[in-house]
Amino acid sequence: MTFSYRYVCVRCAEPQDWGMICYLCPLCGHNLRIERVERDSDNVPLAAADIVASFCGTGMWRYASLLPVSSRWSSRLAVGDTPLLALGADDGVHLWVKDDSRNPSGSLKDRATELVLAAARWLGCTRVVAASTGNAGASLACIAASQQLPATVVVPRHTPYAKLAQIRAYGAQVREIDGTYDEAFDVAVAMADAPDVYCRNTGFNPFTREGKKTCAFEIAETLGWDVPDWVVVPTGDGNILSGIATGFLDLHTLGITARVPRLLAAQARSSHSIAHDWLVSGASGPLPSSPTLVTPDTVADSLAVARPRDHLAALQALRMTQGECVVVTDAQIMASSQILSQRYGLWFEPSAAAGHAALNDSIARGRIAPGARVVLLGTGSGLKDPHACAHVACDTAEIATDLGVFAPSICPGDTIDVPMRGRP
Ligand SMILES: *Cc1c(COP(=O)(O)O)cnc(C)c1O
Ligand SMILES: [Zn+2]
């Protein structure tokens, strides 16, 4: 079973030829999406059962028949196949967490990078570049290493140390600029002017969405080709949001699932561009052609974007899934981080915890009904940004200066060596 593909502008719908590097619409400058064209001589639509039967193997390439790049270009890493953890109904809803922190570099970004780098090789590129607040860069460095492609990552000021260390460990070249993510973005785009360089920038490269949609495929397949009522998506540039929507809409269009889940986008209060524009344009008004600029200042560094790069596709994703967009404060995010870690044993980075905070907020406000079936995306590991949680540890840990506390567990007659350093 093969499909053919083409690029289509998300705004003006102008198609572009397939088989060459293409990032933006030459007519209006907006992002492109990848459209599947059914290649069937009799025009008979493919049966859902045949498509499902074509899924084979493990990881995200299991869905190769619905991906626009052949699996022959895959890396040697195992991306995808992350667990969907059933967490019960403590919060009043039936909650699952899709733990995408278990990808090779520790975040959901690997799904996008895996597909982008496969596309890079297919398109004949020999070097790759991306701007990143951390995770996309770590992901690029990781998968590029496996693909033996030299990688350059352009990072802004204040990139968390652990993410920088990860990028360096995988051997990528780091270009740290004294500026914001938005400035890093433009530097990476300029670097990709060379014909052999492929740019992975989120919301610029049309393949990222196609990689991320495999997360939706896995959720639906794990639930027996049923879908939950809601999927909660931490949202910065809006590319996970549009990717997850693409996946669920694909399955529905192909007749594999009966419906599409509603998407709940979670943004940080200071990084709320999509939330703002969703409120203004709502479910039906004309969508704004450029995003509202904001000044992010949040503990959730992966959500900190001044100008969401997949803005229009994200708003379309909310519209097509009857979604909602919620903003949460840093205090709510850190409270959720503690709940996820201490109630469930799931330590995610603050950006992922923002999804849980948005879920709690939506339950409290009655936006999500009691008993709803909800999947929360665990987009990145807590080890990515341990600094963000440092104050939590300080608040709750007590230094045991009084050894008497432990006395009952010492048997009579036992002697213990007490280190005297620091004691009077
Ligand atoms: C990138 C990222 C997000 C946000 O994804 P966008 O596509 O920018 O909306 C959320 N959580 C984590 C851990 C990420 O790395
Ligand atoms: Zn266009």
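The values are calculated or read from the model by the stated rules, or taken from the named source; none is laboratory data. On a predicted model such as this, the values are computed, not experimentally measured, just so you know. Counting neighbours? That spans all protein chains shown, and the Cβs are built from the backbone with ideal geometry, glycine included. Side chains are part of the model used for accessible areas, which takes the heavy atoms of the whole protein and leaves out ligands, DNA and RNA. Shrake-Rupley method; radii C 1.70, N 1.55, O 1.52, S 1.80 Å.
Quick notes on this structure:
- Unmet requirement for LYS163, which otherwise passes all of (1) touching a strand residue (DSSP E or B) at 6+ places or on another chain (Cβ under 9 Å); (2) modelled with pLDDT of 95 or more: (2)
- Applying the criterion of at least 2 residues that are at pLDDT 95 or above and within 16 Å of ligand 1 (Cβ to nearest atom) to the strands (runs of 3 or more DSSP E) found wholly in region 190-308 leaves 230-234, 262-268.
- Subset of region 157-169 (residues that are of a type outside the set (Val, Ile, Thr) and either part of a helix (DSSP H, G or I) or closer than 25 Å to CYS125 by Cα (or both)): TYR161, ALA162, LYS163, LEU164, ALA165, GLN166, ARG168, ALA169
- Against the criterion of being crowded, with 24+ Cβ neighbours inside 10 Å, assigned by the TED database to the domain that holds VAL233 and touching a Leu at 6+ places or on another chain (Cβ under 9 Å), ASP91 does not qualify.
- Region 343-352, subset in contact with a helix residue (DSSP H, G or I) (Cβ under 9 Å, 6 or more places away or on another chain) and farther than 11 Å from SER302 by Cβ, residue surrounded by the fewest Cβ atoms within 10 Å (Cβ to Cβ): TRP347
- Flag if THR113 is among the hydroxyl-bearing types (Ser, Thr, Tyr), part of a loop (DSSP other than H, G, I, E, B) and touching a residue at least 24 places away in the same chain (Cβ under 8 Å): no
- Of all residues in region 1-37, those satisfying the criterion of being assigned to a strand (DSSP E or B), hydrophobic (A, V, I, L, M, F, W, C) and open to solvent by 30 Å² or more (accessible area, probe 1.4 Å) are LEU24, VAL37.
Here's the yes/no breakdown for (1) part of a strand (DSSP E or B); (2) within 16 Å of ligand 2 (Cβ to nearest atom); (3) modelled with pLDDT under 95; (4) within 21 Å of ALA89 (Cβ to Cβ):
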position: SER336; (1), (2), (3), (4): no, no, no, yes
position: ALA358; (1), (2), (3), (4): no, no, no, yes
position: LEU377; (1), (2), (3), (4): yes, no, no, yes
position: ALA388; (1), (2), (3), (4): no, no, yes, no
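- Unmet criterion (only one of (1) surrounded by fewer than 19 Cβ atoms within 10 Å (Cβ to Cβ); (2) away from ligand 2 (no atom under 16 Å from the Cβ)) for GLY80: (1)
- Failed item in (1) part of a helix (DSSP H, G or I); (2) open to solvent by 10 Å² or more (accessible area, probe 1.4 Å); (3) among the β-branched types (Val, Ile, Thr), with THR152 passing the rest: (1)
- Single condition CYS56 does not satisfy, out of (1) within 23 Å of ALA112 (Cβ to Cβ); (2) at pLDDT 95 or above; (3) within 16 Å of ligand 2 (Cβ to nearest atom): (3)
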